[in-house]
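Comments concern the structure below.
The values are calculated or read from the model by the stated rules, or taken from the named source; none is laboratory data. Treat the numbers as computed from the prediction; the structure is a model and nothing was measured. Don't worry about glycine lacking a Cβ; one is built from the backbone with ideal geometry, like all the others, and counts go over all protein chains shown.
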Amino acid sequence: MTPAPQRWKCTCAYDGTEFAGWQSQVRGRAIQDVIEARLRQIFGQPVRIHGSGRTDAGVHAQGQVFHFDGVWNHGPEKLLAAFRTGLPPQIQVHEARVVAPHFHARFDATRKRYVYRVHLGDTDPFTRAYCWQVFRKLDIAAMKAAAAVLQGRHDFRALTALNGPEREDTVRDLRRLEVSKRGRELRITGEAEGFLYKMMRSLVGALVAVGEGKLSPHDVKVILASKTRTAAIKTAPPTGLFLMKVFY
């Protein structure tokens, strides 16, 4: 009698620089494609994984979660070892455990935490791929004031890259939006039950525009209320964005 497959919950980290984002692509250069290819080698058959959500091309993760079903009788440590020996160095599966059959990495997630790194001025080649270099002086106090305006439950249509009359609900509860500075690095932390397409990068773009004096915290409040995207807010580059943790 063939054993019933188990549901595995895995947490992974990746450097998204050379990949076409998380979601599977026709040419197979997404993180999902690479992990599924390795699982096919491990299990000897196609295995579909389901992630907690998408990350765009160039975006990184330290705590992306996915699940899959498979028969594996050798324990989580050997599964992690199998991942380790077959995945490229830019991808690491660092946690694996059996969960209830009804667990779903996407639909059971209650909130996500992102961190965006901004570097003030020039930086070395080892940091450059993982931050947004900003060469203008930033008003950190004004950025924090704008973050306070954005925090809370709002319609964030003006701060997403959605185009046209999408049916997706654009109201989100942004439970946390914090700006912290250490040396020449700014960290912008956002936490919500879910983020719209390029929402976190748009929030960062708005805060940096405030820091540069191009917008005021009041301007951001007006733009948010307008529910209309404006060229005054740029989408921050993907290089500085990290999916840090998915909560369940």
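Things worth noting here:
- Condition check for ASP69: in a strand (DSSP E or B), among the charged types (D, E, K, R) and at pLDDT 95 or above: yes
- Taken over segment 24-55, the residue count meeting the criterion of being in contact with a strand residue (DSSP E or B) (Cβ under 8 Å, 6 or more places away or on another chain) and either of a type in the set (Lys, Arg) or closer than 22 Å to LEU241 by Cβ (or both) is 11.
- Filter pass, ASP56 being assigned to a loop (DSSP other than H, G, I, E, B), of a type in the set (Asp, Glu) and either touching a residue at least 60 places away in the same chain (Cβ under 8 Å) or touching a Phe, Trp or Tyr at 6+ places or on another chain (Cβ under 8 Å) (or both): yes
- Residue check for ARG106: in contact with a strand residue (DSSP E or B) (Cβ under 7 Å, 6 or more places away or on another chain) and farther than 30 Å from ARG182 by Cβ: yes
- Matching residues, segment 87-101, being touching a residue at least 60 places away in the same chain (Cβ under 8 Å) and surrounded by fewer than 15 Cβ atoms within 10 Å (Cβ to Cβ): HIS94, GLU95, ARG97, VAL98, ALA100, PRO101
- Residue under evaluation TYR14, criteria (1) surrounded by fewer than 20 Cβ atoms within 10 Å (Cβ to Cβ); (2) touching a residue at least 40 places away in the same chain (Cβ under 8 Å), criterion not met: (1)
- Selection within segment 84-122 - touching a Cys at 6+ places or on another chain (Cβ under 8 Å), farther than 30 Å from PHE135 by Cβ and of a type in the set (A, V, I, L, M, F, W, C): ILE91, VAL93, ALA96
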